[in-house]
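Asker: Pasting a structure here, questions to come.
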């Protein structure tokens, strides 16, 4: 059985993300991408374009002081869509997040054009990402990481 081409792209994406390799990620995320984060926290919303998406990733890293970890568990692929089941863990102060998540993505010409993130515990996810606030100091770090 031959693996689906999106499977290789997904593995490359998660390897690049775990290493913080944004250059490798740039080729996988389309210029017109829309990334949806469900919920009501400070990271929830719709992010349009690669800069906004990379800004989201960097902001999440800053908010958790680099403790964000994503462990991929399963990949599902078709010609137009993929779904990744993964476990996300992170720490903010005295709070710890352990969430089973699913990311569904739409692909076109080998790039993600739209993605949706879901979690098994939306209330816990929102509470974790909502605790505290996004300080100007953290905002400056975020801006430098995404070169704004």
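No value in this document is a laboratory result; all are computed from the given coordinates. Worth saying up front: this structure is predicted, and the values here are computed from it rather than measured. Don't worry about glycine lacking a Cβ; one is built from the backbone with ideal geometry, like all the others, and counts go over all protein chains shown.
Asker: Could you estimate the translational diffusion coefficient of the chain from the Stokes-Einstein equation, with Rh from the Kirkwood formula over C-alpha pairs, at 4 °C and 1.567 mPa s, in whole µm²/s? Spell out each step's value before the answer.
Answerer: Details: Rh = 15.8 Å.
Estimated via Stokes-Einstein, D reaches 82 µm²/s.
Asker: Still on this structure: To check you understand DSSP bridge types, tell me what percent of the beta bridges within the range 1-129 (both residues inside) are antiparallel, rounded to 5.
Answerer: Values: 32 of 37 bridges.
The antiparallel fraction comes to roughly 85 percent.
Asker: Quick one: helix 50-63 against the long Cα principal axis of the chain, what's the angle to the nearest 10°, folded into 0 to 90?
Answerer: 40
Asker: Neighbouring Cβ atoms within 10 Å as the yardstick, rank 116, 129 fewest first.
Answerer: Fewest to most other Cβ atoms nearby, the residues stand as 116, 129.
Asker: Restricting to Cα pairs below 8 Å that are 6+ residues apart, what does the relative contact order work out to for the range 5-145? Please round to a whole percent.
Answerer: Relative contact order here is 25 percent.
Asker: What is the helix-to-structure angle for 5-19, meaning the angle in degrees between its Cα long axis and the longest Cα principal axis of the chain, kept from 0 to 90 and rounded to the nearest 10?
Answerer: 30
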